1. In Å and whole numbers, how far do the C-alpha atoms of segment 51-138 stretch along each principal axis, longest first?
2. Compute the normalised compactness of segment 152-213: alpha-carbon radius of gyration over 2.2 N^0.38 Å, N being the residue count.
3. Each residue of segment 45-54 in turn: what ³J(HN,Hα) in whole Hz from Karplus with 6.51, -1.76, 1.60 and θ = phi - 60°, glycine and Pro shown as x?
4. Can I get the semi-axes of segment 48-272's equivalent ellipsoid? Compute them from the C-alpha gyration tensor as square roots of 5 times the eigenvalues, in angstrom, largest first.
5. Please state the shape class of the chain: rounded when a/c is under 1.5, otherwise prolate if a/b exceeds b/c and oblate if not, all from the C-alpha gyration tensor.
6. For the chain, what is the mean residue ellipticity at 222 nm derived from helices alone (per DSSP H run of n ≥ 4: -39500 (n - 2.57); sum divided by total residues; nearest 500 deg cm²/dmol)?
7. For a test of the definition: using alpha carbon positions, the gyration tensor, and the 1.5 limit on a/c, classify segment 97-145 as rounded, prolate or oblate.
8. Cα centroid distance between segment 101-156 and segment 316-376, in Å?
Amino acid sequence: MRVVVAPDKFKGSVTAHEAAAELAAGIAEARPDAVVEVLPVADGGEGTLDAALDAGFERHDLTVTGPAGDPVPAAWGRRGDEAVVEMSLASGLAVLPTRDGHPALAPRTATSRGTGELVAAALDAGCTRVVLGVGGSATTDGGAGMLTALGLRLLDGHGHDLPAGGAALADLHRVDASALHPRIRDAEFVLAADVDNPLLGPRGAAAVFGPQKGASEQDVSDLDAALAVFRDRLADALGEPARQAADAPGAGAAGGVGYAALAVLGAERRPGIDVVLDLVGLDAAVAGADLLLTGEGSLDEQSLGGKTPMGVLRVGRRHGVPVVAVCGQTTLDAATLHEAGFAAVHELRTLAPDPESSMRDAPRLLREVGRRIASQ
């Protein structure tokens, strides 16, 4: 019996690596003869670097500029000439300073500069392909911070560099691209992003995602207008394609970092889960397997829209391998799960007296589920 175990994280409970290890341990206890391959995955946002490291990428630690301007520890991954940069580690909500135990949200001033510093480090190291995973960002600066870390200068009417953050872009007078990192032109960039929002307007970066980052109604209006100025000045400097990129699907991802990646780095946007599954080599691993396990904390309607379980399910179906999902809980009924294509679904909450216990005892419960699956 050969089993591939490829879960995402159970948010707030266990990492993808921990979930995979516990499921594999349970399988081994019930079926010592089983050959189990562990491939933790992610959907392109938080956990993407960990998935890459588990797949053989080498970790490179780097202190970068955090979203509030203070130094934060981050890292990027390398395998050969390919790099993985996870935006949340450098510019995410999780690395904001805290106030009263909560992130000190800064929608007008948060910067994506740290993400650009990671990209610059990868380019300086000679990488020619950079995967940029952009979930979990704290910023709405259109990727301006990322680009300034890569050598772009954003100047006001007096020729001074603009301060950090999306709101400051309202005062942008001129973009100077003369010192843009020289290795950008020879590198391939992949934007791992599931959202298809444009940069501006009612479906744009500020309107849709700004409130999640602390933006008031006035902040949203100001940021949207400032991002429009950024688009126009970039187009003045780089040409009409930079203006058109603002309307491209995914330009609004991560507070507009998607726009910067598309307009200046020439990135190709791909669904995050597809990018990660390619990085970890799931397709090759599943060929010839008898069973494929996946999962995440909550299996719900959002999961069916393209999150990790559905991406893994597609790989399993392509190879004719049954796919079993493991989750903390599911809001989907049995008919929906069967129609989606899962051979079975196991909920940790059915093994615990309450949701808090389910999350706290997830390692033990995952091992128990692994035993049950292997015993059937």
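Just so it is clear, none of the values below were taken in a lab; they were calculated from the coordinates. Note that this is a predicted model, so its numbers are computed, not measured.
1. Principal-axis extents of segment 51-138 (Cα, largest first): 42, 23, 18 Å.
2. So segment 152-213 has a normalised radius of gyration of 1.43.
3. x, 4, x, 5, 5, 4, 4, 5, 5, 5
4. For segment 48-272, the semi-axes come out at 24, 20, 16 Å.
5. Since a/c reaches 1.5 and a/b is larger than b/c, the shape of the chain is classed as prolate.
6. Theoretical 222 nm ellipticity from helices: -10000 deg cm²/dmol.
7. prolate
8. Segment 101-156 and segment 316-376 have Cα centres separated by 37 Å.
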